[in-house]
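What follows is a single structure, written as structure tokens, with notes after it.
The values are calculated or read from the model by the stated rules, or taken from the named source; none is laboratory data. What you see is a predicted model; the values in this text were computed from it and never measured. Here the Cβ positions follow ideal geometry from the backbone for every residue, glycine too, while neighbour counts run over all protein chains shown. Side chains are part of the model used for accessible areas, which takes the heavy atoms of the whole protein and leaves out ligands, DNA and RNA. Shrake-Rupley method; radii C 1.70, N 1.55, O 1.52, S 1.80 Å.
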Amino acid sequence: MNNVTVVSHPLIQHKLTMLRDKNTPPKDFRELVREISMLMAYEVTRSLPLKDIDIETPMAKTRGKVLSGQDIAIVPVLRAGLGMVDGMLDLIPNAKIGHIGLYRNEETLQPVEYYCKLPADIEHRIVIITEPMLSTGGSMIGALSMLKKRGAKKIKSIHLVCAPEGLKRVMEAHPDVEIYTAAIDERYDETGYIIPGLGDAGDRLFGTK
């Protein structure tokens with residue numbers, strides 16, 4: 001899995017265990033998702049291009065490195081993906097934000113687009129798409145196709161937990177996308193929930209269950 005990175009930093013793994021706990025209340029759950037997302041953003045942005053510039057410190061003239069100006073867009077998949085945005089913005093405050101909305105057709109089981117709003121210059125940006133749970137992979141495959149259809153060329157996806165079957169499907173459908181996750185779990189069950197997982201991320205984020 002050359003294009004999959006499991007971010008195994010001890011702080012992330014510690015917070016992920018707290019996130020999995022069914023007794024963690026929505027307020028703490030939201031804070032943990034934000035913190036994990038910020039920590040994962042550090043890894044996702046590791047390969048951003050740099051350039052040299054001349055500066056002057058209080059002591060002498062020198063050359064330093066700064067970001068070369070590659071623009072970034074963060075695109076959450078509604079609604080659970082929203083919970084990961086603020087943590088990433090803590091690290092990348094100048095990023096533009098898009099939104100993608102999908103639902104699953106209960107007859108065909110295929111993802112259906114109901115909303116998509118992206119920065120006008122999406123084709124020139126590194127796109128980071130956020131979705132806490134990658135289960136069957138159907139919604140993520142649909143979301144990535146939507147991004148590419150609208151011109152996105154360099155895409156990274158970031159997840160808290162993935163099921164191996166869904167991860168494999170996404171990799172086969174979009175082998176050019178870099179995937180980052182805090183964990184690859186055992187499987188997903190007959191209802192599409194990841195095992196052991198952390199339940200429904202959207203419901204736990206927003207206290208709707």
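Under 9 Å between Cβ atoms, at least 6 apart or on separate chains: pull out the pairs that start in segment 191-202 with a residue that is farther than 16 Å from ARG104 by Cβ and end on any residue that is of a type in the set (Lys, Arg) and not in a strand (DSSP E or B).
Close Cβ pairs satisfying both conditions: PRO196/ARG20; GLY197/ARG20; LEU198/ARG20; LEU198/LYS22; LEU198/ARG204; GLY199/ARG20; GLY199/LYS22; GLY199/LYS209.
Among the numbered criteria (1) assigned to a strand (DSSP E or B); (2) closer than 18 Å to GLU178 by Cα; (3) not aromatic (Phe, Trp, Tyr), which single criterion is violated by LYS65?
Condition (2) is where LYS65 drops out.
Of the numbered conditions (1) open to solvent by 70 Å² or more (accessible area, probe 1.4 Å); (2) part of a strand (DSSP E or B), VAL75 satisfies every one except a single condition; which is it?
In the conditions (1) open to solvent by 70 Å² or more (accessible area, probe 1.4 Å); (2) part of a strand (DSSP E or B), VAL75 misses (1) alone.
Quick check on segment 58-72: of everything there that is modelled with pLDDT under 95 and β-branched (Val, Ile, Thr), which residue is most open to solvent (accessible area, probe 1.4 Å)?
Going through the qualifying residues, I end up with VAL66.
Kindly indicate whether THR5 is in a loop (DSSP other than H, G, I, E, B) and of a type in the set (Val, Ile, Thr). Step through it out loud before you land on a result.
Values: in a loop (DSSP other than H, G, I, E, B): no; of a type in the set (Val, Ile, Thr): yes.
No; evaluated as a whole, the condition is false for this residue.
If you take the residues in segment 162-178 that are buried (at least 21 other Cβ atoms within 10 Å of the Cβ) and small (Gly, Ala, Ser), which one is farthest from LYS148 (Cα to Cα)?
So the residue we want is ALA163.
I'd like to check something: does segment 83-100 contain any residue that is over 12 Å from the mean Cα position of the chain (by Cα), within 22 Å of GLY192 (Cα to Cα) and surrounded by 11 or more Cβ atoms within 10 Å (Cβ to Cβ)?
Looking through segment 83-100, at least one residue is over 12 Å from the mean Cα position of the chain (by Cα), within 22 Å of GLY192 (Cα to Cα) and surrounded by 11 or more Cβ atoms within 10 Å (Cβ to Cβ).
May I ask you to list the residues in segment 22-38 that are free of Cβ contacts under 8 Å to residues at least 60 places away in the same chain, part of a helix (DSSP H, G or I) and not acidic (Asp, Glu)?
Correct list: LYS27, LEU32, ARG34, MET38.
Pairs, please: C-beta under 8 Å, at least 6 apart or cross-chain, first residue under 17 Å from ARG204 (Cα atoms) and in segment 66-93, second open to solvent by 40 Å² or more (accessible area, probe 1.4 Å) and assigned to a strand (DSSP E or B)?
Once the first residue is under 17 Å from ARG204 (Cα atoms) and sits in segment 66-93, its partners that are open to solvent by 40 Å² or more (accessible area, probe 1.4 Å) and assigned to a strand (DSSP E or B) give PRO76/ILE97; PRO76/HIS99; LEU78/HIS99; LEU78/TYR115; VAL85/ILE97.
Of the conditions (1) open to solvent by 70 Å² or more (accessible area, probe 1.4 Å); (2) assigned to a helix (DSSP H, G or I); (3) farther than 16 Å from SER157 by Cα; (4) of a type outside the set (Gly, Ala, Ser), LEU19 satisfies every one except a single condition; which number is it?
Checking LEU19 against (1) open to solvent by 70 Å² or more (accessible area, probe 1.4 Å); (2) assigned to a helix (DSSP H, G or I); (3) farther than 16 Å from SER157 by Cα; (4) of a type outside the set (Gly, Ala, Ser), the one that fails is (1).
Look at segment 31-55 and say how many of its residues are open to solvent by 90 Å² or more (accessible area, probe 1.4 Å), out of contact with any Asp or Glu (no Cβ under 9 Å at 6 or more places or on another chain) and not hydroxyl-bearing (Ser, Thr, Tyr). Walk me through it before giving the result.
Taking segment 31-55 as the starting set, the residues that turn out to be open to solvent by 90 Å² or more (accessible area, probe 1.4 Å) are 34, 42, 46, 50-51, 54.
Then keep just the ones that are out of contact with any Asp or Glu (no Cβ under 9 Å at 6 or more places or on another chain); that gives 42, 46, 50-51, 54.
Filter again for not hydroxyl-bearing (Ser, Thr, Tyr), leaving 46, 50-51, 54.
Matching residues across segment 31-55 total 4.
Under the condition of being of a type in the set (Lys, Arg) and surrounded by fewer than 21 Cβ atoms within 10 Å (Cβ to Cβ), which residue from segment 179-209 is nearest to the chain's Cα centre (by Cα)?
The initial filter retains those residues of segment 179-209 that are of a type in the set (Lys, Arg), namely 187, 204, 209.
The next check asks that each one be surrounded by fewer than 21 Cβ atoms within 10 Å (Cβ to Cβ); those that pass are 187, 209.
Numbers: ARG187: 20, LYS209: 23 Å.
By that ranking, first place goes to ARG187.
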